[in-house]
1. Given Cα pairs under 8 Å that are at least 6 residues apart, what percent is the relative contact order of region 124-211?
2. Given Cβ point charges of +1 (Lys, Arg) and -1 (Asp, Glu) and nothing else, what value in debye, to the nearest 20, does the dipole of region 1-158 about its Cα centre take?
3. In degrees from 0 to 90, rounded to the nearest 10, what is the angle of the helix 16-27 Cα long axis to the longest principal axis of the chain?
4. Of all DSSP beta bridges located in the chain, what percent are antiparallel, nearest 5?
5. Given springs between every Cα pair under 10 Å in a Gaussian network model of the chain, which of Asn195, Asn51, Asn75 has the largest fluctuation?
6. I need the phi-derived Karplus couplings for region 257-264: 6.51 cos²θ - 1.76 cosθ + 1.60, θ = phi - 60°, integer Hz, Gly and Pro marked x.
7. May I ask for the angle, rounded to the nearest 10°, between helix 295-315 and the longest principal axis of the chain, with both axes built from Cα atoms and the value confined to 0 to 90°?
8. So how do Thr281, Thr238 line up by other beta-carbon neighbours within 10 Å, fewest first?
Amino acid sequence: MITRSSKIYVAGHTGLVGSAIVRKLKQNKFKNIITINSSKLDLRNQVKVFNFLKKEKPDFIFIAAAMVGGILANNNFKADFIYNNLSIQNNLVHGAFKANIKNLIFLGSSCVYPRNCKQPIKEKYLLSSALEKTNEPYAIAKIAGIKLCESYNFQYKTNYKCLMPTNTFGPGDDYHKFNSHFFPSLIRKIHFSNNTNKITIWGNGKVKREVIYVDDIADACLYFMKKKTKETLINIGTGRDYTIKEYVKIISGIIRVNKKKLIINYDKNKPNGTPRKLLDTNLAKKYGWSPKTDLNDAIDRTYKDFILSIKNKDKKPK
């Protein structure tokens, strides 16, 4: 039974999803939230992780810690993505088991599903065919995390749940020029298009993507933290997707100050990635959860955070 005085550890609390989970816990008056910076606890270090969990003995763990990035980063750092993510999740899940911590949520990604998956994607389609090559190492690591939790639940009767969010965006996102995911990358490009009226988009712009605001992910985490479920794996999404071209139009209409026509160059020599990723969220709905944030409102809030991040960066001494 989780209460507001329960000890809750959020791994990856400075990241996009982890920071949103901490915000949501505080908003809901949880009083005993444990966080620790990577400089003090390297989650790839098994001994240190085991000792930390044994000492702190949290009642619940959110595993939001991971190495993440867009197509370019996934392609360039394949070894780093698979090794770091396997190490982090293995240490936390097995460390939780060794410390007799029965309850946790492991956060994955919709990229765990096959490249040419039937749409919308049901949880049962996992491992039904080949993965998208551009993010295969990351996806394989996350699939291993799902199977790790399933196996501990089966063998040791733990309560380890795996939530698979669709493409997530919001305050605290990474707007790196080369390594960010597609949505923050679009926000960055469209913002700076106010100077040039031109942007370049990877691929043909026709692939479809579903996105979800990060606060809705945090809401799902708290909801399923308290919910008893039969299933280990649960999709978290909005049930609606758009093409990249449509997202450019939507974001431009919200954030562009310069109302001149935006010239869009689609670089078809660059990869499109998975053709479509729309999650079937009927299982989450069956348990009573659905997202609450309007897309336009979410983009507006995210853009304000992006502007703030630019201002804070400019204030730093050079």
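Coordinate-derived values only; no laboratory data. Quantities reported herein were computed from a predicted structural model and do not represent experimental measurements. Glycine also receives a Cβ, built like all others from the backbone with ideal geometry; neighbour counts cover every protein chain displayed.
1. Averaging sequence separation for qualifying contacts and normalising by length gives 19 percent for region 124-211.
2. Its charge dipole is roughly 580 debye.
3. Roughly 60 degrees, rounded to the nearest 10.
4. Antiparallel bridges make up about 5 percent of those DSSP assigns within the chain.
5. Evaluated over the chain, the most mobile residue of the options is Asn195.
6. 7, 6, 8, 5, 4, 8, 8, 10
7. 90
8. Fewest-to-most ranking of Thr281, Thr238: Thr238, Thr281.
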